[in-house]
Amino acid sequence: MRSVLIAGSAVAVVVAVGAITYAVAGEDGHGGGTVPAAGSADAGFARDMAVHHQQAVEMSYIVRDRTKDADVRRLAYDIAQTQANQRGMLLGWLDLWGLPKVSADPPMTWMGMGDMASGKDGSLMPGMATNTELKKLGTLNGRQAEVFYLQLMTDHHRGGIHMAEGCVAKCTVGVEKSLAQGMVDAQQSELTAMAQMLKERGAAPRD
């Protein structure tokens, strides 16, 4: 019964997010007569953060299966659900704006960082884990998995906050700026929580 309730709640969240996506994108996009350009900060942030979020979801599902610790599993679940839903909103806006989900420009071009070294071992943007690090996370168990996940996610959040702050400064679509500010606030709070969780495990962020 518990799994049914959780599944039902998840479906409700997805439906609600979908409705919000179409409503707000229509309000600020086609409905308002102004659609962001393909090379705009609005479109660039939506594309890049969707990729950034996808990795956070992947890492969270990996650690969920590598530890039985309730606090870490709860954090991983919250991050996975939140970022999957936000990713759906970002991609939904691109759809409604009639813009491509991929670009020939390098990641972070919209922030003036398109010339940065990117793509090394799968780390496309600030804070993203490398493919090697993701594989390592999948080999660890228990406290080792918890610590490495918390360290990787700390780096990931720091990079994500940097990107979201860029959207707050550069994006023009009101609801997207609001979403970006919400990401900043929520992830800063999670950084504080993760620092405490690392301390409790005799560890610390990597830098």
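The values are calculated or read from the model by the stated rules, or taken from the named source; none is laboratory data. For clarity, every value in this text was computed on a predicted model and none was experimentally measured. Neighbour counts are summed over all protein chains in view; Cβ atoms, including those assigned to glycine, are modelled from backbone coordinates with ideal geometry. For accessibility, only protein heavy atoms count, side chains too; no ligands or nucleic acids. Shrake-Rupley method; radii C 1.70, N 1.55, O 1.52, S 1.80 Å.
Numbers at a glance
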{"read-out": "Share of carbon and sulfur in the accessible heavy-atom surface of the range 30-177 [1.4 Å probe, %]", "value": "52 percent"}
{"read-out": "21 Å Cα-Cα reach of LYS170 towards lysines, excluding residues that sit fewer than 8 places from it in its own chain", "value": "LYS101"}
{"read-out": "Most to least accessible of ARG87, ARG158 (protein chains only, probe 1.4 Å)", "value": "ARG158, ARG87"}
{"read-out": "Leading residue at positive end of dipole, the range 133-207 (Cβ point charges), from LEU150, THR172, LEU134", "value": "LEU134"}
{"read-out": "5 angstrom amide H check on SER123, placed H, neighbours 5+ away", "value": "ASN131"}
{"read-out": "Highest average packing first - 43-56, 143-156, Cβ atoms within 10 Å", "value": "43-56, 143-156"}
{"read-out": "Prolate/oblate/rounded call for the range 56-130, Cα gyration tensor, a/c under 1.5 rounded", "value": "oblate"}
{"read-out": "Rg to Rh quotient for the range 120-207, alpha carbon positions, Kirkwood Rh", "value": "1.05"}
{"read-out": "Accessible area per residue in Å² at 1.4 Å probe, computed on the range 91-139", "value": "53 Å²"}
